[in-house]
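Below is one structure, written out as structure tokens; comments come after it.
The values are calculated or read from the model by the stated rules, or taken from the named source; none is laboratory data. Here the structure is a predicted model, which means the values were calculated and not measured. Reconstructed Cβ throughout: ideal geometry from the backbone, glycine too, with neighbour counts over all protein chains shown.
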């Protein structure tokens, strides 16, 4: 059984550009998906497309180096989840033509080579090929173009490793087929630099072989097995065996994911939100039951409503998991919201009647998780479910981003350690909590953090304002503090915890980055978290109860 590999070059850039185009409004000008673009990780270029390479940008360049060579380059953040998510339509498009897809990583997949798929029985009783692997690759490339993937390259060989190398050597929209029994000969003709595509191990081995004067893989194949094992480790031994033709990598095809979406069409179309809500109950129950049969629950569901004059689509999130009642409520709230995504509005303003009849409602699972992770507790969760439904209703009325919850993140100050995310959304891009964060105040954490710090003043026993030197020393012992217009003697205090962050903003109007925090308790029993900022201002960041 021969293997065919599909390679989509620079897939991380392609997926990021596809996501940008998908997120743009319908009335926005079309985005240039062929513009120079790079994906950055740790401020370094990890992937760049052909347009960026034509301007001199290379993998490993720093951000400023890439912008110096190509000022108009589009900078994109690395996101493995995004790459995998946008590669799923490619897998589905290939599976529609040739089942047995084996995803290797985003941008790379393999299938059993469909060489005999394009064959017919000749007059002499023999199989007469009318296409072969090249014709099969052309059919797959045509389907991928319809899915939005314009650069796809194919390779076919006796084993997976050789087929991947052939795909990387193939021209765009073409297939390079290695004849049967010629895998070792094909691999030996490649330069050792192709090993850099295998990741850090391959890049390290390629660099070592070049420094040893080995230019082609054929030179590497002439070494003895013992020499390779002793000098190049397990990865080098695997490559040597493949070049020798002694090791064949087999294909492990995936099982196509089950169809979990459910929909209901209305004939005739319904023009009442109440009628639509009543009619989707059975479909919502069937959707939840289908997930339950596979021991799954949905924590994020996309609801699409098709109208005679437009489409409304929205992704709803749930802090636990969706029930059929939750889905019905979301449909009702989505219709009541006025169909903002499609520009529709209610005639009466109450949302009970919609301006365009609904022809179809569809439920699509966006995120599914094992049902065991969301099982009810021993005493149930009735009160919690009521709170969830109430908050979701408020969110539907005031807007998705208007209802937020605090989430802990890394930082030094009390305000820095909290982030507000939309209710039901999973926090992303937070600063890690486990890092040292020098200058962070110790526990316990304050109970109230002021959105806007309060003005304060701290003086010593001689009524001289207290300050903190550049070395972190206090100029005097805090004796009294002023909060508003009232002074309060200090019973005890702790600190300072100096920090010097954002120092590059000094002189730009944003103030110096030098600061120091104190924990202060007044004689009235109240405790405060105070912050001194250079050149000499005090403010109250939080309070302890």
Conditions (1) in contact (Cβ under 8 Å) with a residue 24 or more places away in the chain; (2) within 41 Å of the chain's Cα centre (by Cα); number of the one not met by residue 452: (1)
Taking region 144-157 and keeping residues more than 14 Å from residue 8 (Cα to Cα) and surrounded by 21 or more Cβ atoms within 10 Å (Cβ to Cβ) leaves 156, 157
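Here's the yes/no breakdown for (1) assigned to a loop (DSSP other than H, G, I, E, B); (2) more than 31 Å from the chain's Cα centre (by Cα); (3) at pLDDT 80 or above:
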| position | (1), (2), (3) |
| --- | --- |
| 389 | no, no, no |
| 407 | no, no, yes |
| 425 | yes, no, no |
| 440 | yes, no, yes |
| 458 | no, yes, yes |
| 482 | no, yes, yes |
Please return the ranges of helices (runs of 4 or more DSSP H) entirely within region 47-130 where 2 or more residues are at pLDDT below 85. 80-97
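Looking at region 62-69, can you tell me whether even one residue there is closer than 30 Å to residue 310 by Cα and over 17 Å from the mean Cα position of the chain (by Cα)?
Within region 62-69, not a single residue is closer than 30 Å to residue 310 by Cα and over 17 Å from the mean Cα position of the chain (by Cα).
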Would you be able to say whether some residue in region 190-205 is closer than 30 Å to residue 139 by Cβ and more than 38 Å from the chain's Cα centre (by Cα)? no
Among the residues of region 239-274, how many are out of contact with any helix residue (DSSP H, G or I) (no Cβ under 9 Å at 6 or more places or on another chain), surrounded by 15 or more Cβ atoms within 10 Å (Cβ to Cβ) and at pLDDT 85 or above? 1
Every residue from region 512-545 that is surrounded by 17 or more Cβ atoms within 10 Å (Cβ to Cβ) and in contact with a helix residue (DSSP H, G or I) (Cβ under 8 Å, 6 or more places away or on another chain): 514
Residues in region 469-480: is at least one touching a helix residue (DSSP H, G or I) at 6+ places or on another chain (Cβ under 8 Å) and assigned to a strand (DSSP E or B)? no
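Test residue 322 against the stated conditions and say whether it is crowded, with 20+ Cβ neighbours inside 10 Å and under 21 Å from residue 397 (Cβ atoms).
yes
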Given (1) touching a residue at least 60 places away in the same chain (Cβ under 8 Å); (2) over 19 Å from residue 105 (Cα atoms); (3) outside any helix (DSSP H, G or I), where does residue 184 come up short, assuming only one miss? (3)
Can you pull out every residue in region 288-319 that is closer than 15 Å to residue 260 by Cα, in contact with a helix residue (DSSP H, G or I) (Cβ under 9 Å, 6 or more places away or on another chain) and surrounded by fewer than 16 Cβ atoms within 10 Å (Cβ to Cβ)? 289, 292, 294, 295
